Amino acid sequence: MVDIDSQFPTGFDPFSEAKDSDDSGTPGAKEYVHIRIQQRNGKKSLTTVQGLRKEFSYDKILKDLKKEFCCNGNVVQDKELGKVIQLQGDQRKNVSQFLINANIVKKGQIKIHGF
């Protein structure tokens, strides 16, 4: 019978970088901001932004987004997702550029979903 430990080298850990660079303690997890579009009825759509850090004031961000893009919106409290910003229309590209320019998130932390 062959000892299994002697067959596999233990010097290389492929997940060591993910464990070291992660702040939350779970390997491979990264704080992403998800920007999605939801189709309503006809040509109407809704843009949702979720995953912003909790220390940000969602109401102030929403106020600036509404003023910048001339659209209406609100902040919705969800049980699973936390606070979610909703905006009228397809504002995915605009919101991502706004969040990057305002230094709220980095470009690599944004995930744009839909269509």
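Where a number appears in this text, it was derived from the coordinates with a stated rule and is not lab data. This is a predicted model, so every value here is computed, not measured. Quick reminder, even Gly has a Cβ in these numbers, built from the backbone with ideal geometry, and neighbours come from all protein chains shown.
A few remarks follow.
- Chain lengthening between Leu46 and Lys111 when straightened (0.36 nm per residue, less Cα-Cα): 21.8 nm
- Zone of Glu80's modelled label, taken as backbone nitrogen in region 99-115 under 15 Å from a point 7 Å along Cα→Cβ: none
- Sites His34 and Cys70, calculated FRET efficiency, Cβ-Cβ separation with R0 22 Å, nearest 0.05: 0.40
- Ordering of 82-94, 56-68, 100-112 by burial proxy (mean other Cβ atoms within 10 Å per residue, highest first): 82-94, 56-68, 100-112
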